[in-house]
1. Could you tell me whether the range 71-91 includes any residue that is within 14 Å of the chain's Cα centre (by Cα), β-branched (Val, Ile, Thr) and buried (at least 20 other Cβ atoms within 10 Å of the Cβ)?
2. Considering only the range 1-36, state which residues are in contact (Cβ under 8 Å) with a residue 24 or more places away in the chain and in a strand (DSSP E or B).
3. All but one of (1) in contact with a His (Cβ under 6 Å, 6 or more places away or on another chain); (2) farther than 20 Å from Ile83 by Cα; (3) among the β-branched types (Val, Ile, Thr) hold for Ile129, so report the exception by its number.
4. Residues in the range 101-113: is at least one aliphatic (A, V, I, L, M) and over 30 Å from Arg41 (Cα atoms)?
5. So how many residues does the range 18-62 have that are within 30 Å of Glu155 (Cα to Cα), touching a Pro at 6+ places or on another chain (Cβ under 8 Å) and not hydroxyl-bearing (Ser, Thr, Tyr)?
6. Quickly run through the range 117-138 and pick out the residues that are under 20 Å from Gly46 (Cβ atoms) and in contact with a helix residue (DSSP H, G or I) (Cβ under 7 Å, 6 or more places away or on another chain).
7. Given the criteria in the same structural domain as Glu58 (by TED's automatic domain parsing), over 11 Å from Ile52 (Cβ atoms), among the polar types (S, T, N, Q) and within 15 Å of the chain's Cα centre (by Cα), does Ser112 qualify?
8. Quick check on my filter: what residues within the range 35-53 are surrounded by fewer than 16 Cβ atoms within 10 Å (Cβ to Cβ) and of a type in the set (Lys, Arg)?
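The values are calculated or read from the model by the stated rules, or taken from the named source; none is laboratory data. Since the model is a prediction, treat every value here as computed from it, not as a measurement. FYI the Cβ positions are ideal-geometry reconstructions off the backbone, even for glycines, and counts take in every protein chain you see.
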Amino acid sequence: MTGKNQLPKINGQKQVANSRLFTIEQLALTFSNGVERQYERMVGAGNGAVMIVPMLDEHTLLLVREYCAGTHSYELGFPKGLIDSGELPEQAANRELQEEIFYGANQFHHLSQVMMAPAFFNAKMDIFIASDLYSSKLEGDEPEPLEVVPWPIKEYQALLQQPDFQEARSIAALMLLIDHLSPSQLANQE
């Protein structure tokens with residue numbers, strides 16, 4: 001059951017910090033019950049982002065291991081990136097694949113759109129399955145080559161236990177993929 005809440009009135013809005021990646025904005029709000037509050041939120045720049053679950057074949061997905069500055073560690077996850085101006089999400093997904101794992105895809109299936117911390121951030125990410133892969137390489141912005149890691153879909157539970165597979169969006173993408181696949185793709189293949 002969902003209720004219909006009335007959005008608070010924005011009485012004022014000002015930028016309180018700015019970086020290359022984010023702008024932090026302060027909102028002065030009045031809620032429908034008269035309570036006034038100030039909220040801060042990060043305002044993402046750009047056109048959104050994409051995450052891609054590349055399927056090497058019917059039973060194997062591809063992951064990348066890359067450096068993550070936020071945790072100062074190497075993490076295992078799916079290829080991802082920002083949507084450039086003028087690009088459709090599918091075009092951005094295909095470009096990111098070619099930059100990060102040196103494959104393009106002939107087919108894309110949109111799984112879902114997810115949001116990161118909507119209480120504080122307005123960023124949205126479209127998640128795609130990419131299939132019918134072909135070799136193709138584009139120059140990307142990564143400072144070092146990413147390690148490409150093939151993973152059998154039937155071993156998805158082991159992937160969830162990997163200490164370096166922790167990013168929530170990658171976990172969400174994996175679970176959306178599992179829900180989308182046929183039982184035969186998840187069965188043990190001898």
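1. The answer is yes, given that some residue of the range 71-91 is within 14 Å of the chain's Cα centre (by Cα), β-branched (Val, Ile, Thr) and buried (at least 20 other Cβ atoms within 10 Å of the Cβ).
2. If the condition is that a residue be in contact (Cβ under 8 Å) with a residue 24 or more places away in the chain and in a strand (DSSP E or B), then Asn11, Val16, Glu36 are the ones that fit.
3. Going through the list (1) in contact with a His (Cβ under 6 Å, 6 or more places away or on another chain); (2) farther than 20 Å from Ile83 by Cα; (3) among the β-branched types (Val, Ile, Thr), Ile129 breaks only (2).
4. yes
5. Qualifying residue count for the region: 8.
6. Met125, Asp126, Ile127, Phe128, Leu138
7. So Ser112 passes the test.
8. Passing the criteria: only Arg37.
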